[in-house]
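Enquirer: Below is a structure I'd like to ask you about.
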Amino acid sequence: MTQHNGQAASTSSSVLAILKKSQAEGTRFSHTERVLHTACEFWVAAMNRSLTRYVCGVPKIILRDAEAAFAAIEIESVANVLRDARNSLSAATPTIPSERVLAQLQQTLDHLAVPVDDLIGKFAAEQTWSRLKRPTFEPGAFSGNTQAESSAR
């Protein structure tokens, strides 16, 4: 299990601040950015051992979204655990309350032998790299600046 050293919480706060700013400015996040945000938020809650508080009120929806995010990142072991927990929540009864299902989920995630932090980071790096390889500007957009710089030399 990856040791939590507090950096993930600050990263989570930073991502949340970016989301809020983006929303206020009317900017839309890409599917990849939403996947990363969802996975990071969920994983921070798991590593802080605050899943019950994090999913309060809408656990099936949060687990479904996190499951989809981890599946998109191709961390199938986490996606499968989340799917099983979500299905268990659907079958929750007074004898097996949702709190017990979430406690079992927390325990399972605590003992996971998968380097989830590293895999999320690898996905983020791959997505960033693929964006950097695609130009987001017109090929001749900077030709005027180049000519001005050449004549200034």
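The values are calculated or read from the model by the stated rules, or taken from the named source; none is laboratory data. From a predicted model like this one, the values you see are computed outputs, not experimental measurements. Heads up, the Cβs are rebuilt from the backbone with ideal geometry, glycines too, and the neighbour counts pull from every protein chain shown. Calculation scope for accessible area: heavy atoms of the full protein, side chains included, ligands and nucleic acids excluded. Shrake-Rupley method; radii C 1.70, N 1.55, O 1.52, S 1.80 Å.
Enquirer: Quick one: Debye curve from the C-alpha atoms of segment 35-74, no solvent, what's log10 I(q)/I(0) at q = 0.21, 0.29 Å⁻¹?
Expert: Log10 of I(q)/I(0), two decimals: -0.57, -0.99.
Enquirer: Roughly how many percent of the accessible protein surface of segment 38-85 is carbon and sulfur, given a 1.4 Å probe and a whole-percent answer?
Expert: Percent of accessible area from carbon and sulfur atoms in segment 38-85: 51.
Enquirer: For segment 59-108, just the Cα atoms, rotate onto the principal axes and tell me the three extents in Å, largest first.
Expert: Here the spans come out as 35, 20, 12 Å, largest first.
Enquirer: OK, next. Any chance you could look up the accessible area of HIS31 with a 1.4 Å probe, heavy atoms only, rounded to 10 Å²?
Expert: Near enough 130 Å² of accessible area.
Enquirer: Then there is this: Could you order CYS56, CYS40 by accessible surface area, starting with the largest, using a probe radius of 1.4 Å?
Expert: CYS56, CYS40
Enquirer: Here's a follow-up. Counting Lys +1, Arg +1, Asp -1, Glu -1, what net charge surrounds VAL81 among other residues with beta carbon under 12 Å of its beta carbon?
Expert: On the way: positive: ARG83, ARG86; negative: GLU67, GLU76, ASP84, ASP110.
Net charge in that neighbourhood comes out at -2.
Enquirer: Could you compute how much accessible surface THR108 exposes when probed at 1.4 Å, giving the result in Å² to the nearest 10?
Expert: Estimated to the nearest 10 Å², THR108 gives 60 Å².
Enquirer: Can I ask one more? Highest mean first, how do 43-54, 95-106 rank when packing is the count of other Cβ atoms within 10 Å averaged over residues? Each step should come with its number before you reach the end.
Expert: Working: 43-54: 17.9, 95-106: 15.2.
My ranking of the peptides, most packed first, is 43-54, 95-106.
Enquirer: Sticking with this one: Please give the per residue accessible area of segment 71-121, computed with a probe of 1.4 Å over protein heavy atoms only, in Å².
Expert: Here the per-residue accessible area is 55 Å².
Enquirer: What are the ³J(HN,Hα) couplings of segment 102-115, residue after residue, when phi is run through the Karplus curve with 6.51, -1.76, 1.60 and θ = phi - 60°? Round to Hz, x for glycine and proline.
Expert: So the J values, rounded to whole Hz, are 5, 5, 5, 4, 4, 5, 4, 5, 4, 9, 5, 9, 9, x.
Enquirer: Could you give the length gained on full extension between GLU126 and ALA113, defined as 0.36 nm per residue of separation minus the Cα-Cα distance, in nm?
Expert: 2.4 nm
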